[in-house]
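Engineer: Sharing a structure with you now.
The values are calculated or read from the model by the stated rules, or taken from the named source; none is laboratory data. Remember, it's a predicted structure, so these values are computed and weren't measured experimentally. Heads up, the Cβs are rebuilt from the backbone with ideal geometry, glycines too, and the neighbour counts pull from every protein chain shown. Note: accessible area is taken over every heavy atom of the protein model, side chains too, but ligands, DNA and RNA are not part of it. Shrake-Rupley method; radii C 1.70, N 1.55, O 1.52, S 1.80 Å.
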Amino acid sequence: MENISRRTIVIALIFIFIGITFAIKLFILQVYDPSYKFSAANNTQKEIINFPARGLVYDRNGKLIVSNQADYDLMVVPRELKSMDSLDFCNALEISIEDLRQLFAGMRSRLRNRKISRIKPSVFYRQLSAKQYGYLQEKLYKYDGFFVQRRTLRKYEYPNAAHILGYISEVGASDIKKDDYYISGDYHGKNGIESTYENFLRGEKGYKYVLVDVHGREKGAFRDGQSDIPAKAGKDIKLTIDVDLQQYGEQLMQNKIGAIVALEPSTGEILSLVSAPHFDPSLLVGKKRAGNFAALNADTLKPLFNRAIMGRYPPGSTFKPLMGAIGLQEGVLTPETKYECNGGYWVGRFHQGCHAHYSPWDLRKAIANSCNAYFSQIFRSVIDQPKTSTVQDGFELWKNYLVNFGLGYKLGVDFSNEDRGFIPNSDYYDKWYNKSWSSLTVVSLAIGQGELGTTPIQMANMCAAIGNEGYYYTPHIIKEIESDTIPSKYKAKRATGIDKENFEPIKDGMEMAVWGDMGTAGLARIPDLTICGKTGTAQNPHGEDHSVFMAFAPKENPQIAIAVYVENGGYGSTWAAPIASLMVEKYLNKEVHSSRKWIEKRMLEGDLVHGSE
Amino acid sequence: MVQNNYNKKVDWVTIVIYAILVLFGWINIYAANYNPENPVFFDMGMEYAKQLIWISASMVLIWVIFMTDSKFYVAFSNILYGVAVFLLFSVIFLGKEINGAKSWFELGPIRFQPAELAKIATALTLARMMSRHDFTFKKFKNLASIIAIWALPVLCIFLQNDTGSALVFFVFILPFYREGLPGSILVFGLMGAIVSVLTLVYPPYSVLALIIVGALVALFVKTDKKITGIALMYGVGAFAIVLGLFYIVGLNLRWELFMLVGILAFSIVVLIKGFSKKIKAVVPIAIFMWGAVVFTFSSSYFVNDVLSEYQRNRVYVLLGFKDDPLGAGYNVNQSKIAIGSGGFSGKGYLQGTQTKFDFVPEQSTDFIFCTVGEEWGYLGTLTVVILFVFLMIRLIFLAEKQHSSFSRIYGYCVASIFFYHFTINIGMTIGLAPVIGIPLPFFSYGGSSLWGFTTLLFIFLKLDTNRSELIR
Ligand SMILES: [Zn+2]
C-alpha cells in the first residue's frame, strides 16, 4: 500500500469512533442495562389501563343517587398462555372444571371469529367476587397470560328512577367502530342519562406503562412513569329530579300501570318522571344484569318501556282547557259566551254525548265540569272561521296551535327514545276521507279523542305552558354538569302564540274543576293551596278507560305542573287526580295533610294490576 | 480471457459486503412485515415482495453501470448535476407531500426522490471540479465555485422541507478535508454541530464538561503534560473551593456557575504558563474554549428563555427531538425498547414482538435497525455496525489507491454519504442522534433509496476497475 496520509487516518478514525460509540451504546442497551434486558418470550413493556370512575349523579337537592363500586375482571392474553394447573385455577375461581372448559372454548371461538386478539388482553371472566379476587391475586403469578383488570360498576343509592338513569352495558362492535375511545370489553351508558351524558360521565382512560418480567410480574414503572397518562374521572352531574318526590311517585304508582311527569314550569326542569311498573336500577348492575334484563324484557307489563316519554295515549278531556285558549285567541268566543248542552252535542243525526247537567254554561264552568258540547262548538267555530276559506286551512290553523304547545313532535328532552305523539294534519284526513270531510267529521278531537296521541311528558309540558300563561321551556333532566354548561336549548323560552290574558278564564276554570261545587276533581283539593287541574278519561279500545289528570299549583307563578296517567283506571277523578294532588302536596308542602291521609293510603294500596277476581 | 481479467480488477470484497447488507436487510424487512396473527409465507402485496423486485432491478442497474465507460461519469457529471438541480427545483412545485416534506415525484406506482440523484450528481461534480490540476482551496475562485455547487442542491432540498436529506451534504466536509481544507475548519464544524445539538439535549454542565475535556486533550497534544496538569489542578481547585464555600454558606447555585469559575482559573493558568514558555498554541485553545462556553450558554439561554413554549417546540420538532403527538421521543423510546429487548443473542428470527404490531413506527424503513436489534440481539447489531465501518474504511483506502484524483475524491464522497446515513439512522434508533427520517443504506425498505445507494457505490467500483488509469 502506498503512503497513507495523516488525513486519511483521521477520517478513518472518525468512522471507527462512531462505530465504537454505537457498539458501546448497543452493549449498554442490549446486554448491560437490566431495564431493557428481557428474555425472548417476553413483552418488555406492558400497558395497564386505568379505568376512570364514572361521574356521580346527584338530584336537584344534592342528594347522591348514583355512585360507583369497585369491580375486577379476569383478563387473558391468549398468546401468553402456558399449560397450567387447571384444578387449582378452578378452586381459586370457585368454578367447576367443566365451567373452565367452557370458558376456554368460548375464548377459542372468539379468537377464531377474530372478535378478540391473540396479543391484546380481553375479558376471560367478568366481575370476580371479592373472595375470588383476593384468592386469585396471590396465585396469579402462576398463570401466565392472566391478569386482573380493575373497573368500576354503578352503585344505586335508591331503588328508584331506573327509567331516568338507564344502565351500563358492554360496548358492541358497532359502538367501537363509531367511537375509537372504546375497546372491546369496555362499558358505556345505555338508555337514560347514562347514555345521553355518556361523554361527560365516562371520563378519560389512563395508561400506565410498566416493565414486566418473564412471569408477567411488574418490575416497576417504565421510564419512571414519564410516559404514563393519568386517568381522568368522569364529570359529576346534577339532575333536575327530586329523588324523594321520585320515590314517592313510584310508591303511589305501585301495582298500577301508567306514568307521572312533574315539571317546574318556570324552568322546564323535570321534577319527577315515573313509569309504572318500575324496577330497581340495581337489577341491571354487573353479572346479574343479563338474567334480570331478560326477565324484565319478558314481563307482559313491559316494565322496561318508559311510558312517561314513550307511551302514546289519547289526551281525553284534559285537552279542553287548550281548546278554550285557542278559541279565545282566535276570537270565536268570549269567556262569557254560553252554549246549550242537551245531553251532548247534536247536529242533525250526529250526536256527541255529554253527562247530564244544567245548561247553558260559560267557558269557566264548561272547563270545570267538562262539557263536551261546549268544546265541540269552539272547535268547529275555530275551523270554520270566515278567514279560512277551506276546512283544510282551518284545520291547519288549529293544528299549529297544538304544535306550538309541543304536541305532535319530539319535545327534545334529554332522552334518546322520546316518542313524538301524533297530531293528524289535513292531508291525513284528505287521504282518509278522500277529501270530503268537514269540521264535524273530526269533532271528537275537540274533546281529546279520535286520532290524537300524546305522551305524558307532552301533557305535563302543555299544562306547564298554561300555568305559565303562554310559554314553556323544553323539559329536561340535566341541571348541572361539573365544569361545563348544559345545552343552551334548555335555557330558551318557547312561545305558544296565545296571549297571556286568554289564560285567565282557563286557569279559573281549572281551579273550579278542583274547588268548584260541581268540579270534577274534588279529591285533588289540598288545604290552603290553589291547585288548578283538569281530569280526563282516555278511551281505551282494549279495556277499561285510562284515568288522566293534569294540574299545576299554585295558580299564580306555579312551581309544579304535573300529568298523571293510570292505565285502566277509569275516570280521571278516581286515580289520576288524587295521585297528582298527593305529588303536588308532597313537593310543595313536604308532607301530606292529616285530612288527606286516607286518600294517600287508598292510593298506595290500590292494585289495578293483579285483578280483583 | 478478457472477462477473467475484468473479474480480477473488480473489488469483490466490497461487493460481498454489499450483498450481505442487502440480503440481511431484506431478511429483516420480511420479519418486520411478518404477522404472527396471520402467518403467510409469501404475499406479493407485502413490502418484502416489492423489495425483492427492487433488489432484482438493482442487479440490472449494476450491470448497466459496469457496462458504461468510466469516462462517461466524468464527462456527463455536469449534465447530470444540471438535471438533478432542475428536478430538485421542480419537485418543490410538482412534488407530492409525504410526512410534511415535498420531496417526491409520483408517476403512477413509481415514486422517485430527486435528492437521491442529487447526492450522486453532486458527488461526481465536486469530484470533477476538485480533480482539476490547478485546484486548491486557497484560491477564492475555486472555493466559491465549490460552495456554489454544494449550496444549490442544499437550498432546494431545504425548500422542500426535507431537512434530513439536506444535512447529508454537510458531510462533504470530509472529502474537502482530505483534499486540503484546513483541519481547523473540520474541527470547528464538528464541534459546533456537536455542541449545538448537545446543548439542546443535555443540561449545560455536561456540555461544559465536554468542552473541558476537549481543551485538556488539545493542551496535551499541543503543549505538554506539565502545563496541562498544573492548569487542571488549578481549575479543579478553584471549582472545589467555590463549591465548598457555597456549601458551607448554604447557598445552592447551579452547577454551571461553579464550573465557570473552574474554567476561568484553568484558562488563566494556561495563558500565563503558555506565555512564559512562549507556546503560541495556548491562545487558540483558550479562545476556542471560551468561544464554546459562550456558544453553549447563549444557545441554551436562547432556547430556554428567549423562545416561547410554542417556538421552542418548533425548534425541537425541526431538530427531530419531538415528532409526534404522544410526546417527545415516542419513536426513540419504542425503538430503544425493541432493540434493548433483543438482549445478547436476540429473540430469534420472526420471534420479535416489539417490531411488529406497530409499536415502532416506520418499522421497515427508517427503523429497520430495531428489527435487527430485537431478533438478532447484540450479535446482530454489532455485525451490522462492523460491516458498515469496514465498508466505509475499505472505500477510503480503495480511494487512496486511485491514480485518478477524480476517482479518489468521488470515493471519499461515497464513503462520507454512507457515513452520514449510518451515523444518523442508527444513532436515531438508539437515542444518540435526533430523529431525522433517513434510510439505513441497503437495509431500509424502498426502491428509491436502494437504487440510489447502489448506483453511488457501483459507480465508484466501476471507476475502481480503472484505478491505474487517468480518467478525464
Ligand atoms: Zn255538556
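Engineer: Quantify how strongly other chains surround peptide B:376-388 by giving the mean number of their Cβ atoms within 10 Å of each of its Cβ atoms.
Structural biologist: Working: counts 0, 4, 7, 1, 2, 7, 6, 0, 2, 8, 3, 0, 4.
The shielding value for this peptide is 3.
Engineer: Between rounded, prolate and oblate, where does the range A:368-416 land on the alpha carbon gyration tensor, with a ≥ b ≥ c its root eigenvalues, rounded for a/c under 1.5, else prolate if a/b exceeds b/c? Each step should come with its number before you reach the end.
Structural biologist: Working: a/c = 4.25, a/b = 1.46, b/c = 2.91.
Taking the square roots of the gyration eigenvalues as a ≥ b ≥ c, the range A:368-416 is oblate.
Engineer: Something else: Using the per-residue mean of other Cβ atoms lying within 10 Å as a proxy for protection, in what order, highest first, do the peptides A:486-493, A:328-335, A:244-251 fall? Don't jump to the answer; show the numbers that get you there.
Structural biologist: Working: A:486-493: 13.4, A:328-335: 17.2, A:244-251: 21.9.
The most tightly packed comes first, giving A:244-251, A:328-335, A:486-493.
Engineer: Between B:Tyr81, B:Val221, A:Ser122, whose Cα lies farthest towards the positive end of the dipole of the protein assembly as shown when Lys and Arg beta carbons carry +1 and Asp and Glu beta carbons carry -1, centred on the Cα centre?
Structural biologist: B:Val221
Engineer: For the range A:246-257, take each phi angle, set θ = phi - 60°, evaluate the Karplus expression 6.51 cos²θ - 1.76 cosθ + 1.60, and give the result in whole Hz per residue in order, putting x for glycine and proline.
Structural biologist: For the range A:246-257, the Karplus-derived couplings read 4, 5, 4, x, 5, 5, 4, 8, 5, 6, 9, 10 Hz, x marking Gly and Pro.
Engineer: Given charges of +1 on the Cβ of Lys and Arg and -1 on the Cβ of Asp and Glu, with all other atoms neutral, how large is the dipole of the protein assembly as shown about its Cα centre, in debye to the nearest 20? List each step's numbers first, then the result.
Structural biologist: On the way: 107 positive and 94 negative charges, 1024 e Å.
Result for the protein assembly as shown is approximately 4920 debye, rounded to the nearest 20.
Engineer: Between chains A and B, what is the buried accessible area summed over both chains (1.4 Å probe, protein heavy atoms, nearest 100 Å²)? Write down the numbers at each step before the final one.
Structural biologist: Numbers: alone 28850 and 23680 Å², together 48680 Å².
Roughly 3900 Å² of accessible surface disappears when A and B pair.
Engineer: Here's a follow-up. State to the nearest 20 debye the size of the charge dipole of the range A:47-239 about its Cα centre, where the only charges are +1 on K and R beta carbons and -1 on D and E beta carbons. Could you put the intermediate results ahead of the total?
Structural biologist: Working: 33 positive and 26 negative charges, 83 e Å.
Roughly 400 debye, rounded to the nearest 20.
Engineer: Follow-up question, since we're still on this one. Looking only at the range A:47-239, where both bridge partners belong to it, what percent of the DSSP beta bridges are antiparallel (to the nearest 5)?
Structural biologist: Working: 29 of 31 bridges.
The antiparallel fraction comes to roughly 95 percent.
Engineer: Using θ = phi - 60° and the Karplus curve 6.51 cos²θ - 1.76 cosθ + 1.60, what whole-Hz ³J(HN,Hα) does each residue of the range A:562-567 get, with Gly and Pro shown as x?
Structural biologist: Per-residue couplings from phi come out as 9, 10, 10, 10, 10, 5 Hz.
Engineer: Exactly which chymotrypsin sites (Phe, Trp or Tyr not before Pro) in the range A:536-588 are in a DSSP loop and have at most 15 other Cβ atoms within 10 Å?
Structural biologist: Values: sites: A:Phe549, A:Phe552, A:Tyr565, A:Tyr571, A:Trp575, A:Tyr587; in loops: A:Tyr571, A:Trp575.
Within the range A:536-588, no chymotrypsin sites (Phe, Trp or Tyr not before Pro) qualify (loop, at most 15 other Cβ atoms within 10 Å).
Engineer: Could you work out the helix-only [θ] at 222 nm for the protein assembly as shown, with each DSSP H run of four or more residues adding -39,500 (n - 2.57) and the total divided by the number of residues, to the nearest 500 deg cm²/dmol?
Structural biologist: Details: 39 runs with 527 residues, N = 1085.
Calculated from helices alone, the mean residue ellipticity at 222 nm is -15500 deg cm²/dmol.
Engineer: Quick check on chain A: what are the equivalent-ellipsoid semi-axes from the Cα gyration tensor, as sqrt(5λ), descending, whole Å? Mind dumping the intermediate values first?
Structural biologist: Details: eigenvalues 876, 153, 92 Å².
Equivalent ellipsoid of chain A: 66, 28, 21 Å, largest first.
Engineer: How much area per residue is accessible in the protein assembly as shown when the probe is 1.4 Å and only protein heavy atoms are counted (Å²)?
Structural biologist: On the way: 48680 Å² over 1085 residues.
In whole numbers, the protein assembly as shown has 45 Å² accessible per residue.
Engineer: Rounded if a/c is under 1.5, else prolate if a/b beats b/c, else oblate: with a ≥ b ≥ c from the C-alpha gyration tensor eigenvalues square-rooted, which is the protein assembly as shown?
Structural biologist: Working: a/c = 2.76, a/b = 2.60, b/c = 1.06.
Cα axes put the protein assembly as shown in the prolate bin.
Engineer: Only bridges whose two residues both fall in the protein assembly as shown count here: according to DSSP, what percent of them are antiparallel, nearest 5? Show your work: numbers first, answer last.
Structural biologist: Values: 78 of 81 bridges.
The antiparallel proportion sits near 95 percent.
Engineer: Check A:Gly185: other-chain or 5+ apart residues with amide H under 5 Å from its amide H, H built from backbone geometry?
Structural biologist: Residues meeting the criterion, in which the H sits 1.01 Å from N, are A:Val171.
Engineer: Arranged from highest to lowest average of other beta-carbon atoms within 10 Å per residue, in what order do the peptides A:387-399, A:193-205 appear?
Structural biologist: On the way: A:387-399: 16.8, A:193-205: 20.4.
Going by the mean number of other Cβ atoms within 10 Å, highest first, we get A:193-205, A:387-399.
Engineer: Let me ask something additional. Send over the Kirkwood Rh of the range A:47-239, from the inverse of the averaged 1/r over different Cα pairs, rounded to one decimal Å.
Structural biologist: Details: mean 1/r = 0.0545 Å⁻¹.
By the Kirkwood definition, the hydrodynamic radius is 18.4 Å.
Engineer: So, one more: At a 10 angstrom cut-off on C-beta neighbours, averaged per residue, how do the peptides A:18-31, A:455-468 rank from highest to lowest? Before the final figure, lay out the partial values.
Structural biologist: Details: A:18-31: 18.9, A:455-468: 28.9.
In decreasing order of mean packing, A:18-31, A:455-468 become A:455-468, A:18-31.
Engineer: I'd like to know which of A:Gln69, B:Ser276, A:Ala373 lies farthest towards the positive end of the charge dipole of the protein assembly as shown, counting +1 on Cβ of Lys and Arg and -1 on Cβ of Asp and Glu.
Structural biologist: Selected residue: B:Ser276.
Engineer: Here is a further query. Which whole-Hz couplings ³J(HN,Hα) result when phi for each residue of the range A:70-83 is put into the Karplus expression 6.51 cos²θ - 1.76 cosθ + 1.60, θ = phi - 60°, listed in order with x for Gly and Pro?
Structural biologist: 5, 8, 10, 10, 8, 9, 9, 10, x, 4, 8, 5, 10, 5
Engineer: Any of A:Lys115/A:Lys142; A:Lys177/B:Lys102; A:Lys178/A:Lys205; A:Lys534/A:Lys555 with alpha carbons more than 23 Å apart? Name them for me. All intermediate terms of the calculation are to be shown ahead of the outcome.
Structural biologist: Working: A:Lys115/A:Lys142 27 Å; A:Lys177/B:Lys102 33 Å; A:Lys178/A:Lys205 17 Å; A:Lys534/A:Lys555 13 Å.
Beyond 23 Å: A:Lys115/A:Lys142; A:Lys177/B:Lys102.
Engineer: Rounded to the nearest 5, what is the percent of antiparallel bridges among the DSSP beta bridges in chain A?
Structural biologist: Values: 72 of 75 bridges.
DSSP beta bridges in chain A are roughly 95 percent antiparallel.
Engineer: Counting only other chains, and only Cβ atoms inside 10 Å, what mean value do you get across the residues of A:5-14?
Structural biologist: Per residue, the number of nearby Cβ atoms from other chains is 5 on average.
Engineer: Next question, about the same structure. Place a +1 charge on the Cβ of each Lys and Arg in chain A and a -1 charge on the Cβ of each Asp and Glu, then give the dipole magnitude about the Cα centre in debye, rounded to the nearest 20. Present the calculation step by step, with values, prior to reporting the outcome.
Structural biologist: Numbers: 73 positive and 69 negative charges, 476 e Å.
Its charge dipole is roughly 2280 debye.
Engineer: Given the pairs A:Lys288/A:Lys410; A:Lys63/A:Lys131; A:Lys63/A:Lys493; A:Lys507/A:Lys590; A:Lys320/A:Lys507, which are separated by over 22 angstrom at their Cα positions?
Structural biologist: On the way: A:Lys288/A:Lys410 34 Å; A:Lys63/A:Lys131 31 Å; A:Lys63/A:Lys493 28 Å; A:Lys507/A:Lys590 24 Å; A:Lys320/A:Lys507 12 Å.
Listed pairs above 22 Å: A:Lys288/A:Lys410; A:Lys63/A:Lys131; A:Lys63/A:Lys493; A:Lys507/A:Lys590.
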